[in-house]
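Novice: I have a structure I would like to understand better, so I am pasting it below and will then ask my questions one at a time.
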Amino acid sequence: MDAATRAKWDRAAGTFDLMSSRGPEWRWAPAKREFFSAMHGKVLFLAVGTGLDIPFFPPGLEITGIDISPRMLEKAQPRADAYEGKIELLEMDVHDLAFDAGRFDQVFTSCTFCSVPNPVGGLESLRRILEPRGELRMFEHTGSRWFPFSVMMHLMTPLSRQVGPEMNRPTVENVRRAGFLIREVKHIYLDIVKTITAQAPA
Amino acid sequence: METRPYFVLGDLLVNATVGALVGLACAALIGPSWNMWLGMFVGMALGMAMALVLSLGLFAVLLGAMEVMVPAMLTGMTAGMVVGMAAPMTEVSLGDGARWGALLGLVCLVVTYAANAVLLRQTTHS
(Lines give C-alpha, C1' and ligand atoms only; values in the text may rest on other atoms or scores of the structure.)
Protein backbone atom coordinates (compact mmCIF):
# COMPACT_ATOMS: atom_id res chain seq x y z
CA MET A 1 0.00 0.00 0.00
CA ASP A 2 1.34 3.43 -1.00
CA ALA A 3 1.17 5.25 2.36
CA ALA A 4 1.97 8.69 0.94
CA THR A 5 -0.82 8.51 -1.63
CA ARG A 6 -3.27 7.19 0.95
CA ALA A 7 -2.38 10.04 3.33
CA LYS A 8 -2.82 12.62 0.54
CA TRP A 9 -6.32 11.40 -0.29
CA ASP A 10 -7.26 10.97 3.36
CA ARG A 11 -6.45 14.66 3.79
CA ALA A 12 -8.42 15.56 0.67
CA ALA A 13 -11.49 13.61 1.80
CA GLY A 14 -12.62 16.39 4.15
CA THR A 15 -13.05 18.99 1.40
CA PHE A 16 -13.49 16.74 -1.63
CA ASP A 17 -17.28 17.04 -1.85
CA LEU A 18 -17.12 20.82 -1.35
CA MET A 19 -14.80 21.19 -4.35
CA SER A 20 -16.25 18.48 -6.58
CA SER A 21 -19.90 17.82 -5.83
CA ARG A 22 -21.41 20.93 -7.41
CA GLY A 23 -19.95 22.53 -10.53
CA PRO A 24 -18.02 19.57 -11.94
CA GLU A 25 -20.82 17.08 -11.31
CA TRP A 26 -23.51 19.41 -12.65
CA ARG A 27 -21.36 20.15 -15.70
CA TRP A 28 -20.55 16.51 -16.43
CA ALA A 29 -23.84 14.88 -15.35
CA PRO A 30 -25.21 14.20 -18.87
CA ALA A 31 -21.89 12.77 -20.09
CA LYS A 32 -21.44 10.65 -16.98
CA ARG A 33 -24.97 9.27 -17.12
CA GLU A 34 -24.34 8.14 -20.70
CA PHE A 35 -20.86 6.85 -19.83
CA PHE A 36 -21.98 4.69 -16.90
CA SER A 37 -25.04 3.36 -18.76
CA ALA A 38 -22.66 0.86 -20.43
CA MET A 39 -22.05 -0.96 -17.12
CA HIS A 40 -22.85 -4.66 -17.21
CA GLY A 41 -21.61 -7.97 -15.80
CA LYS A 42 -18.95 -8.09 -13.09
CA VAL A 43 -17.80 -4.50 -12.69
CA LEU A 44 -14.86 -3.02 -10.81
CA PHE A 45 -15.07 0.72 -10.14
CA LEU A 46 -11.58 2.01 -9.40
CA ALA A 47 -11.05 4.92 -7.00
CA VAL A 48 -14.64 5.34 -5.91
CA GLY A 49 -13.66 8.38 -3.80
CA THR A 50 -16.58 9.80 -1.83
CA GLY A 51 -19.00 8.04 -4.18
CA LEU A 52 -20.07 11.09 -6.19
CA ASP A 53 -20.41 8.93 -9.32
CA ILE A 54 -22.63 6.30 -7.70
CA PRO A 55 -25.93 8.11 -8.47
CA PHE A 56 -25.07 7.78 -12.18
CA PHE A 57 -24.75 3.98 -12.05
CA PRO A 58 -27.58 2.03 -13.70
CA PRO A 59 -29.61 0.13 -11.06
CA GLY A 60 -29.57 -3.59 -10.37
CA LEU A 61 -25.84 -4.32 -10.78
CA GLU A 62 -23.28 -5.94 -8.49
CA ILE A 63 -20.29 -3.57 -8.39
CA THR A 64 -17.01 -3.72 -6.52
CA GLY A 65 -15.69 -0.28 -5.64
CA ILE A 66 -12.15 0.26 -4.39
CA ASP A 67 -10.19 3.23 -3.11
CA ILE A 68 -6.80 3.69 -1.47
CA SER A 69 -8.22 6.08 1.14
CA PRO A 70 -10.28 4.78 4.08
CA ARG A 71 -11.57 8.34 4.74
CA MET A 72 -12.92 8.52 1.20
CA LEU A 73 -14.59 5.13 1.62
CA GLU A 74 -16.26 6.25 4.86
CA LYS A 75 -17.84 9.14 2.95
CA ALA A 76 -18.79 6.87 0.04
CA GLN A 77 -20.61 4.30 2.19
CA PRO A 78 -23.94 6.18 2.51
CA ARG A 79 -24.05 6.67 -1.27
CA ALA A 80 -23.26 2.98 -1.78
CA ASP A 81 -26.04 2.05 0.68
CA ALA A 82 -28.51 4.20 -1.28
CA TYR A 83 -27.69 2.46 -4.59
CA GLU A 84 -30.49 0.24 -5.99
CA GLY A 85 -28.25 -2.77 -6.41
CA LYS A 86 -25.17 -3.99 -4.57
CA ILE A 87 -21.90 -2.12 -4.15
CA GLU A 88 -19.10 -3.63 -2.11
CA LEU A 89 -16.49 -1.07 -1.03
CA LEU A 90 -12.92 -2.21 -0.37
CA GLU A 91 -9.72 -0.41 0.61
CA MET A 92 -7.14 -1.28 -2.03
CA ASP A 93 -4.25 0.16 -4.03
CA VAL A 94 -4.45 -0.18 -7.82
CA HIS A 95 -0.79 -1.22 -7.83
CA ASP A 96 -1.55 -4.15 -5.52
CA LEU A 97 -4.96 -5.53 -6.47
CA ALA A 98 -6.08 -8.52 -4.38
CA PHE A 99 -8.26 -10.04 -7.11
CA ASP A 100 -7.75 -13.18 -9.17
CA ALA A 101 -6.75 -12.77 -12.81
CA GLY A 102 -9.71 -12.38 -15.14
CA ARG A 103 -12.17 -11.66 -12.31
CA PHE A 104 -14.03 -8.72 -13.93
CA ASP A 105 -15.87 -8.12 -17.21
CA GLN A 106 -15.42 -4.36 -17.00
CA VAL A 107 -13.34 -1.82 -15.12
CA PHE A 108 -14.56 1.78 -14.84
CA THR A 109 -12.48 4.75 -13.74
CA SER A 110 -13.49 8.37 -13.26
CA CYS A 111 -10.84 11.10 -12.94
CA THR A 112 -8.44 8.56 -11.47
CA PHE A 113 -5.36 8.22 -13.65
CA CYS A 114 -4.49 11.89 -13.22
CA SER A 115 -3.23 10.94 -9.76
CA VAL A 116 -2.19 7.28 -9.79
CA PRO A 117 1.58 7.48 -9.03
CA ASN A 118 2.59 4.90 -11.64
CA PRO A 119 -0.14 5.12 -14.29
CA VAL A 120 1.18 2.47 -16.69
CA GLY A 121 1.81 0.05 -13.79
CA GLY A 122 -1.71 0.68 -12.49
CA LEU A 123 -3.21 0.08 -15.92
CA GLU A 124 -1.25 -3.16 -16.25
CA SER A 125 -2.77 -4.27 -12.92
CA LEU A 126 -6.23 -3.58 -14.35
CA ARG A 127 -5.42 -5.59 -17.47
CA ARG A 128 -4.54 -8.57 -15.27
CA ILE A 129 -7.85 -8.63 -13.37
CA LEU A 130 -9.94 -8.16 -16.53
CA GLU A 131 -11.08 -11.25 -18.38
CA PRO A 132 -9.62 -11.69 -21.91
CA ARG A 133 -11.26 -9.06 -24.14
CA GLY A 134 -12.62 -7.41 -21.00
CA GLU A 135 -13.45 -3.73 -21.23
CA LEU A 136 -11.73 -0.74 -19.65
CA ARG A 137 -13.86 2.41 -19.64
CA MET A 138 -12.35 5.64 -18.39
CA PHE A 139 -13.75 9.14 -17.82
CA GLU A 140 -10.54 11.13 -17.42
CA HIS A 141 -8.94 14.51 -17.82
CA THR A 142 -5.59 14.52 -19.58
CA GLY A 143 -3.08 16.88 -21.10
CA SER A 144 -3.97 18.63 -24.34
CA ARG A 145 -2.33 18.31 -27.75
CA TRP A 146 -3.30 21.84 -28.75
CA PHE A 147 -1.64 25.19 -28.08
CA PRO A 148 -2.30 27.19 -25.91
CA PHE A 149 -4.19 24.64 -23.82
CA SER A 150 -1.20 22.28 -23.73
CA VAL A 151 1.01 24.99 -22.22
CA MET A 152 -1.61 25.80 -19.60
CA MET A 153 -1.96 22.19 -18.50
CA HIS A 154 1.82 21.94 -18.09
CA LEU A 155 1.92 25.19 -16.11
CA MET A 156 -0.92 24.13 -13.79
CA THR A 157 0.53 20.70 -12.98
CA PRO A 158 3.24 21.65 -10.44
CA LEU A 159 0.56 23.37 -8.35
CA SER A 160 -2.25 20.84 -8.80
CA ARG A 161 0.10 17.95 -7.98
CA GLN A 162 0.43 19.29 -4.42
CA VAL A 163 -3.25 18.74 -3.67
CA GLY A 164 -4.06 15.80 -5.94
CA PRO A 165 -4.15 15.46 -9.70
CA GLU A 166 -1.67 16.12 -12.47
CA MET A 167 -3.15 18.02 -15.41
CA ASN A 168 -0.84 16.95 -18.22
CA ARG A 169 -0.94 13.14 -18.20
CA PRO A 170 -0.89 11.36 -21.61
CA THR A 171 -3.50 8.86 -20.42
CA VAL A 172 -4.57 7.56 -23.85
CA GLU A 173 -0.95 6.74 -24.65
CA ASN A 174 -0.51 5.18 -21.19
CA VAL A 175 -3.49 2.88 -21.83
CA ARG A 176 -1.87 1.78 -25.08
CA ARG A 177 1.51 1.26 -23.37
CA ALA A 178 -0.17 -0.94 -20.74
CA GLY A 179 -1.19 -3.37 -23.47
CA PHE A 180 -4.80 -2.39 -24.10
CA LEU A 181 -6.36 -1.93 -27.51
CA ILE A 182 -7.97 1.50 -27.74
CA ARG A 183 -11.52 1.20 -29.09
CA GLU A 184 -12.81 4.76 -28.79
CA VAL A 185 -11.71 8.16 -27.53
CA LYS A 186 -14.53 10.67 -27.20
CA HIS A 187 -13.97 14.29 -26.17
CA ILE A 188 -16.16 15.78 -23.47
CA TYR A 189 -14.42 19.16 -23.03
CA LEU A 190 -11.83 20.29 -25.56
CA ASP A 191 -9.38 17.38 -25.85
CA ILE A 192 -8.82 17.52 -22.10
CA VAL A 193 -11.84 15.77 -20.56
CA LYS A 194 -12.60 12.58 -22.47
CA THR A 195 -13.94 9.06 -22.29
CA ILE A 196 -11.62 6.24 -23.30
CA THR A 197 -12.89 2.77 -24.16
CA ALA A 198 -10.24 0.07 -24.41
CA GLN A 199 -10.12 -3.70 -24.57
CA ALA A 200 -7.82 -6.18 -22.83
CA PRO A 201 -6.02 -8.55 -25.18
CA ALA A 202 -7.53 -11.99 -25.90
CA MET B 1 -20.91 22.61 -26.80
CA GLU B 2 -22.23 24.08 -23.55
CA THR B 3 -25.70 25.59 -24.01
CA ARG B 4 -27.15 25.52 -20.49
CA PRO B 5 -27.76 29.15 -19.42
CA TYR B 6 -26.34 28.64 -15.91
CA PHE B 7 -22.96 27.59 -17.32
CA VAL B 8 -22.91 29.97 -20.31
CA LEU B 9 -23.66 33.00 -18.11
CA GLY B 10 -21.26 31.74 -15.45
CA ASP B 11 -18.47 31.33 -18.02
CA LEU B 12 -19.13 34.84 -19.34
CA LEU B 13 -19.01 36.28 -15.83
CA VAL B 14 -15.77 34.46 -14.94
CA ASN B 15 -13.91 35.52 -18.07
CA ALA B 16 -15.10 39.12 -18.00
CA THR B 17 -14.18 39.38 -14.32
CA VAL B 18 -10.76 37.75 -14.68
CA GLY B 19 -9.99 39.83 -17.78
CA ALA B 20 -11.05 43.06 -16.07
CA LEU B 21 -8.99 42.38 -12.95
CA VAL B 22 -5.92 41.38 -14.96
CA GLY B 23 -6.25 44.44 -17.20
CA LEU B 24 -6.66 46.65 -14.14
CA ALA B 25 -3.59 45.17 -12.45
CA CYS B 26 -1.46 45.50 -15.59
CA ALA B 27 -2.56 49.10 -16.15
CA ALA B 28 -1.69 49.89 -12.54
CA LEU B 29 1.70 48.15 -12.57
CA ILE B 30 3.08 48.79 -16.04
CA GLY B 31 3.72 52.35 -17.20
CA PRO B 32 5.36 54.42 -19.95
CA SER B 33 8.86 53.93 -18.48
CA TRP B 34 8.71 50.16 -19.20
CA ASN B 35 10.15 48.44 -22.22
CA MET B 36 7.25 47.18 -24.38
CA TRP B 37 8.47 43.57 -24.51
CA LEU B 38 9.16 43.45 -20.79
CA GLY B 39 5.67 44.81 -20.17
CA MET B 40 4.19 42.11 -22.39
CA PHE B 41 6.01 39.27 -20.64
CA VAL B 42 5.36 40.57 -17.13
CA GLY B 43 1.69 41.14 -18.05
CA MET B 44 1.39 37.62 -19.43
CA ALA B 45 2.94 36.00 -16.34
CA LEU B 46 0.90 38.15 -13.96
CA GLY B 47 -2.28 37.49 -15.92
CA MET B 48 -1.86 33.71 -15.90
CA ALA B 49 -1.00 33.65 -12.20
CA MET B 50 -3.99 35.86 -11.32
CA ALA B 51 -6.31 33.77 -13.49
CA LEU B 52 -5.21 30.55 -11.82
CA VAL B 53 -5.76 31.95 -8.33
CA LEU B 54 -9.08 33.61 -9.18
CA SER B 55 -10.50 30.56 -10.93
CA LEU B 56 -9.62 28.07 -8.20
CA GLY B 57 -12.07 29.44 -5.61
CA LEU B 58 -15.80 29.93 -5.76
CA PHE B 59 -15.91 29.92 -9.56
CA ALA B 60 -14.44 26.40 -9.72
CA VAL B 61 -16.80 25.11 -7.04
CA LEU B 62 -19.90 26.47 -8.79
CA LEU B 63 -18.94 25.95 -12.43
CA GLY B 64 -16.37 23.12 -12.52
CA ALA B 65 -12.64 23.61 -12.16
CA MET B 66 -11.57 22.44 -15.61
CA GLU B 67 -14.10 24.46 -17.60
CA VAL B 68 -13.29 27.55 -15.54
CA MET B 69 -9.49 27.31 -15.36
CA VAL B 70 -8.70 26.69 -19.02
CA PRO B 71 -10.51 29.70 -20.58
CA ALA B 72 -9.69 31.89 -17.57
CA MET B 73 -5.96 31.22 -18.00
CA LEU B 74 -6.25 32.02 -21.71
CA THR B 75 -8.01 35.24 -20.73
CA GLY B 76 -5.34 36.06 -18.14
CA MET B 77 -2.55 35.42 -20.62
CA THR B 78 -4.14 37.46 -23.43
CA ALA B 79 -5.34 40.38 -21.31
CA GLY B 80 -1.98 40.54 -19.54
CA MET B 81 -0.04 40.52 -22.80
CA VAL B 82 -2.18 43.13 -24.56
CA VAL B 83 -2.52 45.58 -21.69
CA GLY B 84 1.08 44.95 -20.60
CA MET B 85 2.32 45.74 -24.12
CA ALA B 86 0.02 48.73 -24.62
CA ALA B 87 0.78 50.46 -21.32
CA PRO B 88 4.42 51.37 -22.24
CA MET B 89 3.33 52.67 -25.68
CA THR B 90 0.31 54.77 -24.79
CA GLU B 91 -1.52 56.03 -21.75
CA VAL B 92 -3.77 53.27 -20.40
CA SER B 93 -6.00 54.35 -17.52
CA LEU B 94 -7.21 51.85 -14.93
CA GLY B 95 -10.67 52.00 -16.49
CA ASP B 96 -9.24 51.37 -19.96
CA GLY B 97 -7.25 48.41 -18.65
CA ALA B 98 -10.32 46.89 -17.01
CA ARG B 99 -12.50 47.45 -20.10
CA TRP B 100 -9.92 45.99 -22.50
CA GLY B 101 -9.37 43.06 -20.17
CA ALA B 102 -13.09 42.31 -19.88
CA LEU B 103 -13.53 42.52 -23.64
CA LEU B 104 -10.55 40.22 -24.24
CA GLY B 105 -12.03 37.80 -21.68
CA LEU B 106 -15.20 37.54 -23.74
CA VAL B 107 -13.16 37.03 -26.92
CA CYS B 108 -11.11 34.28 -25.26
CA LEU B 109 -14.26 32.55 -24.08
CA VAL B 110 -15.70 32.59 -27.61
CA VAL B 111 -12.41 31.14 -28.93
CA THR B 112 -12.52 28.38 -26.29
CA TYR B 113 -16.15 27.57 -27.07
CA ALA B 114 -15.32 27.42 -30.79
CA ALA B 115 -12.29 25.17 -30.16
CA ASN B 116 -14.49 22.96 -27.97
CA ALA B 117 -17.13 22.69 -30.70
CA VAL B 118 -14.47 21.57 -33.20
CA LEU B 119 -12.80 19.09 -30.82
CA LEU B 120 -16.08 17.52 -29.71
CA ARG B 121 -16.57 16.29 -33.27
CA GLN B 122 -13.26 14.41 -33.13
CA THR B 123 -14.23 11.05 -31.70
CA THR B 124 -11.68 8.45 -32.73
CA HIS B 125 -12.45 4.76 -33.21
CA SER B 126 -10.22 1.82 -33.97
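The values are calculated or read from the model by the stated rules, or taken from the named source; none is laboratory data. Note that the structure is predicted; figures quoted are calculated from it, not measured. Because the Cβ atoms are built from the backbone with ideal geometry, glycine has one as well, and the counts that use them run over all protein chains shown. Heads up: the accessible areas ignore ligands, DNA and RNA and are worked out on the full protein's heavy atoms, side chains in. Shrake-Rupley method; radii C 1.70, N 1.55, O 1.52, S 1.80 Å.
Novice: Residue B:91 fails exactly one of the following numbered conditions: (1) acidic (Asp, Glu); (2) more than 30 Å from residue A:30 (Cβ to Cβ); (3) within 12 Å of the chain's Cα centre (by Cα). What is the number of that condition?
Specialist: Of (1) acidic (Asp, Glu); (2) more than 30 Å from residue A:30 (Cβ to Cβ); (3) within 12 Å of the chain's Cα centre (by Cα), only one is false for residue B:91: (3).
Novice: Filter the helices (runs of 4 or more DSSP H) completely within segment B:1-115 down to those with at least 3 residues that are under 29 Å from residue A:142 (Cβ atoms) and more than 10 Å from chain A (Cβ to nearest Cβ).
Specialist: Answer list for segment B:1-115: B:5-29, B:36-55, B:65-89.
Novice: Within segment A:40-66, work out how many residues are closer than 10 Å to residue A:80 by Cα and basic (Lys, Arg).
Specialist: 0
Novice: Taking segment B:45-58, which residues are open to solvent by 50 Å² or more (accessible area, probe 1.4 Å) and in contact (Cβ under 8 Å) with a residue 24 or more places away in the chain?
Specialist: Those that are open to solvent by 50 Å² or more (accessible area, probe 1.4 Å) and in contact (Cβ under 8 Å) with a residue 24 or more places away in the chain: B:45, B:46, B:49, B:54.
Novice: Going by the conditions given, is residue A:29 surrounded by 19 or more Cβ atoms within 10 Å (Cβ to Cβ), among the small types (Gly, Ala, Ser), closer than 28 Å to residue A:104 by Cα and in contact with a helix residue (DSSP H, G or I) (Cβ under 8 Å, 6 or more places away or on another chain)?
Specialist: For residue A:29, the condition - surrounded by 19 or more Cβ atoms within 10 Å (Cβ to Cβ), among the small types (Gly, Ala, Ser), closer than 28 Å to residue A:104 by Cα and in contact with a helix residue (DSSP H, G or I) (Cβ under 8 Å, 6 or more places away or on another chain) - is not met.
Novice: Any idea how many residues of segment A:42-75 are open to solvent by 10 Å² or more (accessible area, probe 1.4 Å) and in a helix (DSSP H, G or I)?
Specialist: 7
Novice: Could you tell me whether segment B:76-98 includes any residue that is under 24 Å from residue A:167 (Cα atoms), free of Cβ contacts under 8 Å to residues at least 40 places away in the same chain and hydrophobic (A, V, I, L, M, F, W, C)?
Specialist: Yes, segment B:76-98 contains at least one residue that is under 24 Å from residue A:167 (Cα atoms), free of Cβ contacts under 8 Å to residues at least 40 places away in the same chain and hydrophobic (A, V, I, L, M, F, W, C).
Novice: Given the condition within 30 Å of residue A:21 (Cβ to Cβ) and open to solvent by 30 Å² or more (accessible area, probe 1.4 Å), answer yes or no: does some residue in segment B:88-110 qualify? Give the steps one after another, and end with the answer.
Specialist: If we filter segment B:88-110 for residues that are within 30 Å of residue A:21 (Cβ to Cβ), which is where we start, we get B:105-106, B:108-110.
Remaining after also requiring open to solvent by 30 Å² or more (accessible area, probe 1.4 Å): B:106, B:110.
There is at least one residue in segment B:88-110 that is within 30 Å of residue A:21 (Cβ to Cβ) and open to solvent by 30 Å² or more (accessible area, probe 1.4 Å).
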